[in-house]
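Structure first, then comments.
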Amino acid sequence: MDTEKDFLRPIDNTSIVQRVIDRLTKAMINKELRPGDKIPTEMELANSFGVGRNSVREALKILSSFGVLEIRRPKGTFVTNGFSDKMIDPLLYGIILDETKSLESLKELREWMDWGVLRLAIKKADDNDIKNLEQRFVELQAALSTKDVEKFFDADNKFHAALDEASHNELFAKIANLVRTLTSEIRLKTARHLCKLNRREEMETAHKMLLDAVKNREMNLSINMIVDSYFYEYGVLQDED
């Protein structure tokens, strides 16, 4: 390992663990460390940074828990090669625990994420993606016919996961799944509310429009198509009696 690299210079002792994390993160951003690279040992990093080995060990554990580093015993510690689900977790918990978050913010996040996924799916979906979407739509129709809200909610999630796959963008798909997790309460409440109002046909039609948009490569769509499929006009976000 080249000890002259910038990220291996000594660091001061303020917030040592975080500074080690920051130094390694910057090294990855600057391509001094690349996906799949083996990083120096704890002792080598401690000596290069001029910090204690325990601080280095703690920093490596944190980066490993985030999915950024991968510990392969007895080979050593490596920069993760590829996207890991664990990378999403800190963002998820950060949003959940953020006291400033609001329903309006979640609505906006959902709208723009769904809109982005749909446009990518329209542009990039192949024949297998469309077959998968069609199958998921059939399953959704069957779930609606049972009048079982939980079955419909599961089928709805699978339909949108198929849309995510059709976007052929792994990062989009991961974040879209995160958004569905964050908005699951809103979406489940919507399904229950519309079933009470016997609006199952409207829910089926909304999904059919999304399917047809992908099949027909309808790029000239308005984001209102996405927003309308949330059925806010039926009062789904009002407090239930």
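The values are calculated or read from the model by the stated rules, or taken from the named source; none is laboratory data. For clarity, every value in this text was computed on a predicted model and none was experimentally measured. Don't worry about glycine lacking a Cβ; one is built from the backbone with ideal geometry, like all the others, and counts go over all protein chains shown. All accessible areas refer to the heavy atoms of the entire protein, side chains included, with ligands and DNA or RNA removed. Shrake-Rupley method; radii C 1.70, N 1.55, O 1.52, S 1.80 Å.
A straight chain from Lys123 to Glu32 at 0.36 nm per residue would run longer than the Cα-Cα distance by 29.3 nm.
A cut-off under 9 angstrom between Cβ atoms defines the neighbours of Arg110, and their net charge, with Lys, Arg +1 and Asp, Glu -1, is 0.
Ignoring ligands, DNA and RNA, how do Leu221, Leu197 rank by accessible area with a 1.4 Å probe, largest first?
Leu197, Leu221
Answer with one residue from Val179, His193, Ala162: the one whose Cα lies farthest towards the positive end of the charge dipole of region 161-201, charges on Cβ with Lys, Arg +1 and Asp, Glu -1. Comparing the listed Cα positions along the dipole, His193 ranks first. The residues His193, His207, sorted by heavy-atom accessible surface at 1.4 Å with ligands and nucleic acids left out, run His193, His207 from largest to smallest. Each residue was assigned an accessible area with a 1.4 Å probe, and for Lys26 the value is about 100 Å².
Distance from the Cα centre of region 180-241 to that of region 152-168, in angstrom? The two parts, judged by their Cα centres, are 13 Å apart.
Counting only heavy atoms of the protein chains and using a 1.4 Å probe, Leu133 has close to 0 Å² of accessible surface.
In terms of accessible area, using a 1.4 Å probe and ignoring ligands and nucleic acids, Ser65, Ser48 rank largest first as Ser65, Ser48.
In a fully extended conformation the segment linking Ser15 and Lys208 would gain 64.1 nm over its present Cα-Cα distance, using 0.36 nm per residue. Measuring only protein heavy atoms, the 1.4 Å probe finds Ile226 accessible over about 10 Å².
In summary, the lysines within cross-link reach of Lys31, defined as a Cα separation below 17 angstrom excluding same-chain residues under 8 places away, comprise Lys5.
The percentage of C-alpha pairs in region 101-241 whose separation is greater than 26 Å is 18%.
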